[in-house]
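Accompanying notes for the structure given below.
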Amino acid sequence: MADDTSAAAGTSTETGAGTESNLRTTKPGTKRLFLTVSVLISFLLGAPFLLKSTEIHRSPLPSAAISSLSDHLHSNPPSFPCHFQAIFLSPFKPSDSSLSLSVAERIRAQLSAQSCGNCNFTVSVTVDSGSSCRHEGDAASAACLWECGGGGLVDAIEGRDDQGIDELLLSAVNGRTGGCAGRVYSIFVIEGRDERVVIGKHRHAWMVLKDLDDSTSVVSMIGTVFGDYFMRGGVEKGEYIPVGSDGNVVLSFSLLNSNPSDWIYDWDFQRTGEVLLAPVLEALAPVANITMESQVLYHAPKSSISYWDEKLEAYVVNTRDLPFFVNSNEWHLDTSLSASGRSKVLQFVVYVPSASECPLYIRTPEGEMSKTNAFISPMWGGVAIWNPPGCSMQSQGIHIVRDVLPPQELEKIIEIFIGQLRLLFGLNSNYVEPSPKFKVLASEKGFTNWELDLLYRQHTCFNLLSSLSTLQSLSTLVESLPRMIVMDEIGKQVELSLEAANLAESNISLGINNASALSSIRARALAEDAFFHPSIMSISYSSMEHYFAIYMPFFAPVSLHVLLAAVKEVKRYFAERSKYLTFRASKLKSS
């Protein structure tokens, strides 16, 4: 500061003729000005680094692609290509000029309006009576037409049971129908005395009719098979259980001993139950990743009250009391370690009553005992009551029985559980008596091929719409919060989900139902993973006002003082410089 001191010393005051002037005889120094302005510049240069260090990282999301695909799926719900073919193996002369159009109209009448999971179907009709063969159908069904020469099937069917006929027609369909995109559903019409309609466990059915002259009745029955069964699964209104958002389902099987003081039963579920259920889980693999677990619980009484029925000679529980049967306080069923927070857990319980209420049966509203002695609870699972052999009030308190559930009894219970699983997935149970007009063959997998096609279509559609809805919600949330952190992992999950959704839609157009179902599961799971990512759930996003409120207390006081000091020093420097210039001008003028 020596130059500033000398500058101060070089300032003089001259008085004369009534005037006073302050003049500076030396040039003002710039050291103070340089130091003050340097501090201000350092603050200004540090501002970008501060903004960069507090920058919010946002991985770009394909919002336009999400909105485009979502709008497309909502305006044009996924429609699977299907072909329906009616094959007359007996001479048939329809009264209608176009039989295929009549069948198509009948099928459309059986279906509801365009909805997600329906078939975009074509129809063809073939009369292959051996002596003659003719086809009828639109141009789109040309690649799916039945190859003539099936007249010998009528003789081959004679003497076979329904299972044998089903396998015979399967080989015939596989050998005479090819090159068709999507699923092919066939119905064979045969003239005979034993009238019946049988729906096989694959993708075909057969009708035996006495009179084929009434074409209106024949077309009506064909349309019913195609529309009500192959398209809707034989149910009026399908309400299926949604799979967990991560695509996983856990089947938890529990054996409950109501009172261990009377008897204790165990079971060998791994050896018997898992073997019987393995084909079912394999068939449902494109719908969900299903795992199983089992346990045995004790001291697990029911909540509802049972009473003695003299007519049935048993303790009974009315169907109106079944909602109170499950004892959530003492049935500790939620012990699954394999189920994540978003997996679906279905409980299947075998209830062994105590001696004081044994035998225990479910009484139907008609006053009869339930044939399966079991019931389901929608979205929860099912319960089957098993009465130990020879149980009664007299056996109470004699001695404690320790035994294992017989394998034959366990097989029957597993069959009941498979029927309950079908009901939970929105299909009819195997234990529903077939109508006199229609007979449906059961499959050893628990689900027929045409039922699996229906499940694939339903779940594919549900998963696609659900995944796009989740992605669109995430995109809207991110756009509404400009300072919300979006990690690269979230962006990658969104891209993979969108890719899987596009792949599922592509597989739908090709008629690959199982592949489309698998892709839709992946799309939904990735979308849910992105939406519920831990970084989003625990994030501290804020507005610009919040941002300034955090950092202003740290930087505003110091920055304000530095700025004011710089302004003051600049003013001082120019004031001193002005005095010096005035002094120089006066010197020059005097000289």
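Does Ser506 fit the bill of being surrounded by 18 or more Cβ atoms within 10 Å (Cβ to Cβ) and under 29 Å from Phe121 (Cα atoms)? No: the conditions fail for Ser506.
Name the pairs whose Cβ atoms lie under 8 Å apart, with the first residue in the range 286-305 and more than 17 Å from Val249 (Cβ to Cβ) and in a strand (DSSP E or B), the second among the polar types (S, T, N, Q) and at pLDDT 85 or above, and 6 or more positions between them or separate chains? Partner pairs satisfying both residue conditions: Gln295/Ser252; Gln295/Ser254; Val296/Ser254; Val296/Asn257; Leu297/Ser254; Leu297/Asn257; Tyr298/Asn257. Restricting attention to the range 342-368, the residues being outside any strand (DSSP E or B) and closer than 30 Å to Pro534 by Cβ number 2. For Ala549, the conditions (1) surrounded by fewer than 18 Cβ atoms within 10 Å (Cβ to Cβ); (2) in contact (Cβ under 8 Å) with a residue 24 or more places away in the chain all hold with the exception of (2). Being open to solvent by less than 50 Å² (accessible area, probe 1.4 Å), of a type outside the set (Gly, Ala, Ser) and modelled with pLDDT under 80 is true of Phe92.
So which residues in the range 293-329 are in contact with a helix residue (DSSP H, G or I) (Cβ under 6 Å, 6 or more places away or on another chain), within 17 Å of Trp380 (Cα to Cα) and either modelled with pLDDT under 85 or open to solvent by 50 Å² or more (accessible area, probe 1.4 Å) (or both)? Within the range 293-329, Ser303 is the sole residue that qualifies.
Touching a Leu at 6+ places or on another chain (Cβ under 7 Å), assigned to a helix (DSSP H, G or I) and at pLDDT below 80: does that describe Val103? No: the conditions fail for Val103. Selection of the range 463-503 for residues being among the hydrophobic types (A, V, I, L, M, F, W, C), open to solvent by 60 Å² or more (accessible area, probe 1.4 Å) and part of a loop (DSSP other than H, G, I, E, B) yields Ile485, Met487. Ala288 meets all of the listed conditions (1) under 16 Å from Phe425 (Cα atoms); (2) modelled with pLDDT under 85 but one, namely (2).
In the range 172-191, the residue that is nearest to Asn428 (Cα to Cα) out of those that are modelled with pLDDT under 80 and either open to solvent by less than 10 Å² (accessible area, probe 1.4 Å) or not charged (D, E, K, R) (or both) is Gly182. In a residue-by-residue description of the range 386-409, the property of being under 19 Å from Pro323 (Cα atoms), part of a strand (DSSP E or B) and modelled with pLDDT of 90 or more applies to no position. Screening Lys371 on (1) under 29 Å from Asp529 (Cβ atoms); (2) open to solvent by 50 Å² or more (accessible area, probe 1.4 Å) shows it passes everything except condition (1). Among the candidates Phe253, Phe230, the residue that is open to solvent by less than 20 Å² (accessible area, probe 1.4 Å) and assigned to a strand (DSSP E or B) is uniquely Phe253.
The values are calculated or read from the model by the stated rules, or taken from the named source; none is laboratory data. For clarity, every value in this text was computed on a predicted model and none was experimentally measured. Backbone-built Cβ (ideal geometry, glycine too); neighbour counts: all protein chains shown. For the accessible areas, the whole protein counts, side chains as well, though only heavy atoms, and no ligand, DNA or RNA atoms are used. Shrake-Rupley method; radii C 1.70, N 1.55, O 1.52, S 1.80 Å.
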